[in-house]
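No lab work stands behind these numbers, since they all come straight from the coordinates. These numbers come from a predicted model, not from an experiment. Ideal geometry is used to build each Cβ from the backbone, glycine not excepted, and the neighbour counts take in all protein chains shown.
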Amino acid sequence: MKQLDYDVVVIGGGPAGMAAALKAKETGATVAIIERNDELGGILNQCIHSGFGLSYFKQELTGPEYAELFINQVAAAGIDVYLKTMVIDLTPARQVKAMNEDGMLVLAAGAIVLAMGCRERTRGAIKIPGSRPAGVLTAGLAQRYVNIENRKPGERIVILGSGDIGLIMARRLTLEGMQVLGVYELMPYANGLYRNIKNCLDDFDIPLHLSTTVTNIIGYPHLEAVEVAKVDENLAVIDETREVIDCDTLLLSIGLIPENELSQKSGVSLNSRTNGPLVDEELATDQPGIFACGNVLHVHDLVDNVTLEAEQAGTAAAVYALQQKAAAVSETGPVVNKATVAIGPGENVGYTVPTKLTIPSQKPIRILFRVRRPLDQAEVVVQAGTTILYQGKPQAFKPSVMEAVMLNPAGINGLNGSEQSITVSVREVK
Ligand SMILES: Cc1cc2nc3c(=O)[nH]c(=O)nc-3n(C[C@H](O)[C@H](O)[C@H](O)COP(=O)(O)OP(=O)(O)OC[C@H]3O[C@@H](n4cnc5c(N)ncnc54)[C@H](O)[C@@H]3O)c2cc1C
């Protein structure tokens, strides 16, 4: 067993982990990244389409190109990278246990950054009735088959769910010569980004069927057909609309869930709305010295947002670890004597990250959130009781797009932490 000691240990070497590690290193910490795959880059390595980096790098990159820019920086920065190394345990005292071909590593960390990403929801999550044949797979797995392993999932494809991965795979499989029969979406609106509906479905004449779902999986040992049906406004199946579609592959693009097993092992409390850790404005969890960012914290739309968030987590983790090392603060962390104010979703908002703010604050605080349903004309209102802290201009909102508002320190510092909580609402403007 090998024992190691770092100021900051980053778990996961995707875009979140790499950006966090770079900022932690820049802040003066000793840093290790632990990644279970044989290369850094995370999910970006299989996303060979373009559309990454538009806001962060102001250029349109493919996933591997975006990843490469960070992989090169990590190599140049002198960050220790452990590849093919799987973290299997994490304690609240920030001891990390990991396994690789050489055996077990035990790392003691001044601070931890959780950056393990997320995984796809499978058939079991939505309980589709029917047989259990081969040919039913998640869209991300199909992406890996086609883009990395050069394998073809099937010939006649039905896609359930209009999330971005499903939309991107509809185009990808069409380009590879497969026939995508349609994308079926339970909700009355598409879940993916508008640009993906346009570029991946409309441009290839792939039909999108809203308010429609798969009600039966038919065939064994291989998929032969699926039954689809329309749903009413309560999402109940309308029997007379049932229809059988011959196909050999069903791709599921029905949502992502943060990889939260290690978060739970470390004792951090989870947000029931995001399934990721509850964090404050520094992206600190409620376990001292444990920070979270990227898709393990909440599922992001764009990698650019992941990078910005991770940079913040990496800096905060390094500051925490270095302050602890200098014995400048107690084990309970640098913010213990300040007040906290809860912040959470109000009207039409699904969740906020963070869920608590420390006051007084010296700098503007970025609040991320998503709306629960599409709104054509609405405005963001952030308020504590009757005090308006932020009011945006009317605009359209979609659940697929992650939104951000900046809160001014002057407004929040006037609040009394024990009495007030802040809500983020998106109100329709008639
Ligand atoms: C199909 C698809 C299309 C996308 N298209 C776009 C797009 O066009 N534009 C855009 O901006 N964004 C896009 N995204 C989103 C973007 O890729 C993600 O938001 C981003 O990659 C998330 O980064 P992450 O580091 O949080 O997670 P990941 O990239 O998933 O990285 C997490 C890493 O942690 C590692 N890990 C997990 N558990 C452990 C463990 N126990 N031990 C060691 N390592 C571990 C994993 O192996 C992985 O490498 C797309 C995503 C997908 C899936």
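Restricting the calculation to alpha carbons of the chain gives Rg and Dmax of 22.6, 70 angstrom.
Starting from region 114-158, pick out the GluC sites (Glu not before Pro) whose DSSP state is loop and whose Cβ has at most 14 other Cβ atoms within 10 Å. List each step's numbers first, then the result.
Numbers: sites: E120, E149, E155; in loops: E149, E155.
When the GluC sites (Glu not before Pro) of region 114-158 are filtered for loop state and at most 14 Cβ neighbours within 10 Å, E149, E155 remain.
DSSP bridge analysis restricted to the chain gives an antiparallel fraction near 55%, rounded to the nearest 5. DSSP finds beta bridges in region 335-426, and of those with both partners inside it, around 85 percent are antiparallel. Dipole magnitude for region 196-284: computed about the Cα centre from +1 point charges on Lys and Arg Cβ and -1 point charges on Asp and Glu Cβ, it is near 280 debye.
Comparing Cα centroids, region 288-312 and region 386-427 end up 20 angstrom apart.
Looking at the chain, identify the longest residue range that excludes and avoids all chymotrypsin sites (Phe, Trp or Tyr not before Pro) in DSSP loops having at most 14 other Cβ atoms within 10 Å.
Details: sites that count: F57, Y189.
The longest uninterrupted stretch comes out as 190-430.
Rounded to the nearest 10 degrees, the inclination of helix 15-26 to the longest alpha-carbon principal axis of the chain is 20 degrees. What is the helix-to-structure angle for 63-77, meaning the angle in degrees between its Cα long axis and the longest Cα principal axis of the chain, kept from 0 to 90 and rounded to the nearest 10? Between helix and principal axis, roughly 20 degrees. The stretch between D205 and R132, if pulled fully straight at 0.36 nm per residue, gains 23.3 nm over its current Cα-Cα span.
So how strong a dipole does the chain carry about its Cα centre when Lys and Arg Cβ are +1 and Asp and Glu Cβ are -1, to the nearest 20 debye?
Working: 37 positive and 48 negative charges, 129 e Å.
Taking the Cα centre of the chain as origin, the dipole is about 620 debye.
List the residues of region 289-313 whose backbone N lies under 18 Å from a point placed 7 Å from the Cα of E39 along the Cα-to-Cβ direction. The answer is none, because no backbone nitrogen lies closer than 18 Å to the label point. Each other residue within a Cβ distance under 13 Å of R273 adds +1 if Lys or Arg and -1 if Asp or Glu, for a net charge of +2.
With a 10 Å cut-off between alpha carbons and a GNM built on the chain, which of A378, A76, A142 moves the most? Evaluated over the chain, the most mobile residue of the options is A76. Of the cross-linked pairs K198/K393; K265/K393; K198/K230; K58/K198; K97/K398, those separated by over 32 Å at the C-alpha level are K265/K393; K97/K398. Mean sequence separation of contacting Cα pairs (under 8 Å, at least six apart), scaled by the length of region 343-428, corresponds to a relative contact order of 41 percent.
Subtracting the Cα-Cα distance of H222 and M406 from their residue separation scaled by 0.36 nm leaves 61.1 nm.
Would you mind classifying region 122-252 by shape? Square roots of the alpha carbon gyration tensor eigenvalues, ordered a ≥ b ≥ c; an a/c under 1.5 is rounded, otherwise it is prolate if a/b is larger than b/c and oblate if not. Oblate. Mark the label point 7 Å from the Cα of D232 along Cα→Cβ and return the residues of region 167-194 whose backbone N is within less than 18 Å of it. Under 18 Å, as judged by backbone N against the label point of D232, lie 186-188 of region 167-194. Annotation: extensible slack from D5 through D102 equals 33.1 nm (criterion: 0.36 nm per residue apart, minus Cα-Cα distance).
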